[in-house]
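Student: First, the structure itself, so that you have it in front of you.
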Amino acid sequence: MADRFEQVVNLCKRRGFVFPSAEIYGGFRSTYDYGPVGVLMLRNVKDAWWRTMVQLRDDVVGLDAAILSPPAIWQASGHLESFSDPLVDCRNCKARSRLDQLEDPDTCPNCGKHGTFTEARQFNLMFETHAGPVADEGSVAYLRPETAQGMFVDFKAVLETSRKKPPFGIAQIGKAFRNEITPQNFVFRTREFELMEVEFFVPPGDGPKWYEYWCAERLRWFTDLGIPPEDLRLRPHDPDELSHYSAGTSDIEYRYPWGWGELEGIAQRTDFDLRRHAEASGERLEYFDQASGERYLPHVVEPAVGATRALMAFLLAAYDEDEVKGEHRTVLRLHHRLAPYSVAVLPLSKKDTLTPLAREVLRSLQPHFMCDYDETQAIGRRYRRQDEIGTPYCVTVDFDSLEDEAVTIRERDSLEQVRVPVDALVGELRDRLS
């Protein structure tokens, strides 16, 4: 399994999924840039989540809240006081570690010495900055460590403008920032990342029911998109693991090459956030149920997943190697909704006689699918390149195409090839990719 991790990391760098950020300056720890192929897949992961969580439902609406926010929000939410991890320093090598992530809490993972740690102290993960031309106490602002607070602060405005009533949700995809003590394992734990979160507001007594519902729904989302069920598990948090706002949390964990680790968290946030913001701001954030005459603060169930962490899990699950006609092949068996390109158009030759038709085929497909076009090197090598980045279908334009006005569709996993008329190509691919 450890070999698979290295293979996927190498593939990501070689094929343009993920690059180390600022690499020409020696890199900047825990930051990554998503290349031409990676940015397409990351967008597809987010689109697949949005499709499931918003587009196919009538009880969830979207929001895009600000990244910068004033201290008052984070004071009310409890993050300034409680959003921290236990930090220890090694007296021997001066390395810093997060105590609760160490295999042996008495051994430094950097130098291997025993009994050299300082007493643990709490390290707040918030990124502080200043807004405006003067850096003083009045200009302090924070980069959000989660997208959730924007949804709580805007709850009243969304409620009034969307005309929704509990149970309903607010969904958001956006950047978040955490000053992690020990970022590690490629894009698994970084200081800058994208979150996909829903705050689902329910009547106070319905929290446990909806918590169970969302645990099952979110687990199914990953299996529907190709992660084997045996590589996923639902793990309830022990009481000492719970966040300051949670009455109960379960993690969907994935079997990473280094062991089980969090992929998504589903938390019962109760009315903690709305109550704290109502108290701090003086605004009434209750929902008034006209049918019952009851006024209450909704409770919240929150499914939250990192888009970049999900991308990594999908890549690890899809990575495979096999042999085709005695030749080694690396293939990403990605679900077609996640694959960076749906179709690649490959003229059999770069000769001028084929290029015009191949370009015409490409133009006919581009309004419907994300397409790649590759005419460099032998056709076998081009197939292998597309297999490596997970392209489900290749369309080959050959010399017979000039006569019969048909092309060959080649399927990534089965390697099946079928001949299809050019004028039926869009419909055939749409059926296969639906």
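The values are calculated or read from the model by the stated rules, or taken from the named source; none is laboratory data. Remember, predicted model here, so these are calculated numbers, not experimental data. FYI the Cβ positions are ideal-geometry reconstructions off the backbone, even for glycines, and counts take in every protein chain you see.
Student: Failed condition for Glu103, given (1) assigned to a strand (DSSP E or B); (2) surrounded by fewer than 18 Cβ atoms within 10 Å (Cβ to Cβ); (3) not polar (S, T, N, Q), with all others met?
Tutor: The failed condition is (1).
Student: A further question on this structure: Within the stretch 106-143, which residues are part of a loop (DSSP other than H, G, I, E, B), out of contact with any Leu (no Cβ under 8 Å at 6 or more places or on another chain) and touching a residue at least 40 places away in the same chain (Cβ under 8 Å)?
Tutor: Passing the criteria: only Leu125.
Student: Still on this model: May I ask you to say which residue of Leu56, Leu68 is within 25 Å of Leu159 (Cα to Cα) and without any contact (Cβ under 8 Å) to a residue 60 or more places away in the chain?
Tutor: Leu56
Student: Still on this structure: Say we look at the stretch 93-125 and pick out the residues that are under 34 Å from the mean Cα position of the chain (by Cα) and among the hydroxyl-bearing types (Ser, Thr, Tyr); which of these is farthest from Gly261 (Cα to Cα)?
Tutor: So, considering only residues that are under 34 Å from the mean Cα position of the chain (by Cα) and among the hydroxyl-bearing types (Ser, Thr, Tyr), the one farthest from Gly261 (Cα to Cα) is Thr107.
Student: Can you give me the number of residues within the stretch 398-426 that are in contact (Cβ under 8 Å) with a residue 24 or more places away in the chain and either closer than 21 Å to Pro367 by Cβ or of a type in the set (Gly, Ala, Ser) (or both)?
Tutor: Looking only at that region, the number is 5.
Student: Go over the candidates Val305, Val324 one by one and state the one that is among the hydrophobic types (A, V, I, L, M, F, W, C) and under 15 Å from Ile252 (Cβ atoms).
Tutor: So the residue among Val305, Val324 that is among the hydrophobic types (A, V, I, L, M, F, W, C) and under 15 Å from Ile252 (Cβ atoms) is Val305.
Student: Just name the residue that is nearest to Val301 (Cα to Cα) out of those in the stretch 166-225 that are buried (at least 21 other Cβ atoms within 10 Å of the Cβ) and among the hydroxyl-bearing types (Ser, Thr, Tyr).
Tutor: Looking at residues that are buried (at least 21 other Cβ atoms within 10 Å of the Cβ) and among the hydroxyl-bearing types (Ser, Thr, Tyr), I get Tyr211.
Student: I'd like the residue in the stretch 255-292 that is part of a loop (DSSP other than H, G, I, E, B) and in contact with a His (Cβ under 9 Å, 6 or more places away or on another chain) and, out of all such residues, is nearest to Phe5 (Cα to Cα).
Tutor: Taking the stretch 255-292 first, the residues part of a loop (DSSP other than H, G, I, E, B) are 257-258, 271, 282-286, 290-292.
When the remaining residues are screened for being in contact with a His (Cβ under 9 Å, 6 or more places away or on another chain), the result is 271, 283, 285.
Details: Asp271: 40, Glu283: 49, Leu285: 46 Å.
Residue satisfying both the conditions and the ranking: Asp271.
Student: Also, I was wondering about something else. For the list (1) outside the structural domain of Lys175 (by TED's automatic domain parsing); (2) closer than 24 Å to Thr161 by Cβ; (3) of a type in the set (Val, Ile, Thr), I need the number of the one condition that Val54 fails.
Tutor: Val54 satisfies all of (1) outside the structural domain of Lys175 (by TED's automatic domain parsing); (2) closer than 24 Å to Thr161 by Cβ; (3) of a type in the set (Val, Ile, Thr) except (1).
Student: Please work out which residue is modelled with the lowest pLDDT, limiting yourself to the stretch 230-277 and to residues that are basic (Lys, Arg) and touching a Ser or Thr at 6+ places or on another chain (Cβ under 9 Å).
Tutor: Arg269
Student: Out of everything in the stretch 263-315 that is among the hydroxyl-bearing types (Ser, Thr, Tyr) and under 27 Å from the mean Cα position of the chain (by Cα), what residue ends up being nearest to Ser77 (Cα to Cα)?
Tutor: In this case the residue turns out to be Thr270.
Student: Among the residues of the stretch 26-42, is any among the polar types (S, T, N, Q) and more than 30 Å from Ser139 (Cβ to Cβ)?
Tutor: no
Student: Identify all residues within the stretch 378-418 that are assigned to a loop (DSSP other than H, G, I, E, B), charged (D, E, K, R) and farther than 16 Å from Tyr341 by Cβ; write none if there are none. Spell out the reasoning first.
Tutor: Our first condition is that a residue be assigned to a loop (DSSP other than H, G, I, E, B); within the stretch 378-418, this holds for 378, 389-392, 398-400, 405, 412-416.
Filter once more, so that each one left must be charged (D, E, K, R): 398, 400, 405, 412-413, 416.
Selection gives Asp398, Asp400, Glu405, Glu416.
Student: Return the total of residues in the stretch 293-308 being of a type outside the set (Val, Ile, Thr) and either in contact with a Cys (Cβ under 6 Å, 6 or more places away or on another chain) or assigned to a strand (DSSP E or B) (or both).
Tutor: Adding up the residues that qualify gives 8.
Student: Right, here's the next one. In the stretch 246-295, which residues are of a type in the set (Val, Ile, Thr) and in contact (Cβ under 8 Å) with a residue 60 or more places away in the chain?
Tutor: Across the stretch 246-295, the qualifying residue is only Thr270.
Student: Going residue by residue through the stretch 333-348, is there one that turns out to be assigned to a strand (DSSP E or B), free of Cβ contacts under 8 Å to residues at least 60 places away in the same chain, at negative phi and among the small types (Gly, Ala, Ser)?
Tutor: Among the residues of the stretch 333-348, at least one is assigned to a strand (DSSP E or B), free of Cβ contacts under 8 Å to residues at least 60 places away in the same chain, at negative phi and among the small types (Gly, Ala, Ser), which makes the answer yes.
Student: Considering only strands (runs of 3 or more DSSP E) fully contained in the stretch 1-91, which possess at least 1 residues that are touching a Ser or Thr at 6+ places or on another chain (Cβ under 6 Å), within 20 Å of Ala310 (Cα to Cα) and not aliphatic (A, V, I, L, M)?
Tutor: 32-34
Student: Would a scan of the stretch 356-376 turn up a residue that is assigned to a loop (DSSP other than H, G, I, E, B) and in the same structural domain as Arg255 (by TED's automatic domain parsing)?
Tutor: The answer is no, given that none of the residues of the stretch 356-376 is assigned to a loop (DSSP other than H, G, I, E, B) and in the same structural domain as Arg255 (by TED's automatic domain parsing).
Student: Right, here's the next one. If you take the residues of the stretch 419-434 that are closer than 15 Å to Arg337 by Cα and among the hydrophobic types (A, V, I, L, M, F, W, C), which of them is surrounded by the most Cβ atoms within 10 Å (Cβ to Cβ)?
Tutor: Leu429
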